[in-house]
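Take a look at the structure set out below.
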Amino acid sequence: MTLKDVIEQLFAAGANADKAEAREAWRQLRERLGAGDVRSAEPDASTPTGWRVNTWVKQGILLGIRFGDLSDMSSGGFFYFDKDTMPLKPLGLGTGVRIVPGGSAIRDGAHLAKGVICIPPMYVNVGAYVGEGSMVDSHALVGSCAQIGARVHLSAAAQIGGVIEPVGAMPVIIEDDVLVGGNTGIYEGAVVKRRAVIAAGVILTGSTPVYDLPNGRILKPEPGQPLVIPEGAVVVPGARSVSVGAGKDWGLSLATPVIVKYRDDKTDTRTELEQWIR
């Protein structure tokens, strides 16, 4: 049987699965995830979002959590107690990943491609994928199974949410050459297409309506599908007036993301400035 078959059978067995077999299956999957050979979601042009979820990979991660034993992982005078199946990722000079000193953590089972830059403190969780030449800036989070493309800049305090359960749910996807501004939050399986710019302070969730001013439309996720930010969109924080009830009388407004334009030469010139810090 393939590793996929083994994991699906063990997951279906629930608490009755053989512990040793489950731990070994997770060890093999963790190794392949770390190498980037397997991903929790991968490009698929035949789907509406351009991505396909690999449910069995999420099942394997959950097996690793379920059948791990609590272990003392303390190091350097700091105290950590976690499942022994969820160790830190072993990295060396040969990986070509730059990790600046000071308080960052990367779990094994995450993939960081050559040229990735990690600015402390930052965190990359299990099952995540970070593409070549991307930067994970200080206080940024790459959640479980999140997929980050090549040459992406996750600015300071950007939060890319993790989605392990339900196992069939799309994780957050950030495609190539995207700039994610500081103090942003992207959650619940939203998909940000290539070359988009998400300005500082924008919050995107799986159910967030996005107002596309250049095209005069409101982007909403289709039933059973995630929110998709179009290629090259420049998204900024906005507000819309409350039009009913007491909110109207009080003059309240609600925060909402707004696409103000699509990426052009001027936008590219400004975003290219970040190359100097690499």
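Quick note: the coordinates plus some simple rules give every number you see, no bench work behind them. Given the structure is predicted, the values throughout are model-derived calculations rather than measurements. Cβ placement follows ideal geometry from the backbone for every residue including glycine, while neighbour counts extend to all protein chains displayed.
Descriptive notes on the structure:
- Rounded to 10°, Cα long-axis angle of helix 55-66 versus longest principal axis of the chain: 60
- Amide H contacts under 5 Å for residue 185: 159, 202, 203, 204, restricted to partners 5 or more places along the chain or on a different chain, H placed in the peptide plane at 1.01 Å from N.
- Residue ranges 63-69, 240-246 sort as 63-69, 240-246 when ordered by packing (mean number of other C-beta atoms within 10 Å per residue, highest first).
- Highest GNM mean-square fluctuation among 178, 100, 191, for the chain modelled with Cα contacts below 10 Å: 100.
- Karplus-based coupling profile of the range 46-52, in residue order and whole Hz: 7, 9, x, 8, x, 9, 10, with θ = phi - 60° in 6.51 cos²θ - 1.76 cosθ + 1.60 and x standing for Gly or Pro.
- Answer label, with log10 I(q)/I(0) by the Debye sum over Cα atoms at q = 0.12, 0.16 Å⁻¹ calculated from the coordinates and candidates (i) -0.78, -1.22; (ii) -0.74, -1.41; (iii) -0.68, -1.27: (i)
- Environment charge of residue 126, counting only residues whose C-beta is closer than 10 Å and scoring Lys/Arg +1, Asp/Glu -1: +2
- Relative to the dominant Cα principal axis of the chain, helix 19-35 is inclined by about 50°.
- Close amide H contacts of residue 256 (hydrogens built in the peptide plane, cut-off under 5 Å, sequence separation of 5 or more or a different chain): 238, 239, 240.
- Seen from residue 210, the other residues with C-beta closer than 13 Å to its C-beta sum to a net charge of +3, counting Lys and Arg as +1 and Asp and Glu as -1.
- Calculated from backbone phi, Karplus (6.51, -1.76, 1.60) coupling profile of the range 237-245 in Hz, x at Gly/Pro: x, x, 8, 10, 6, 6, 10, 9, x
- Amide H contacts for residue 115 (H built 1.01 Å from N in the peptide plane; partners 5 or more residues away or on another chain; cut-off under 5 Å): 97, 98, 133.
- Unit charges at the beta carbon, dipole of the range 90-273: most positive-side option, 152, 120, 214: 214
- Most to least packed among 201-211, 166-176 [average Cβ atoms within 10 Å]: 166-176, 201-211
- Number of Lys-Lys pairs in the chain with C-alpha atoms under 20 Å apart and a separation of 8 or more places or on different chains: 11.
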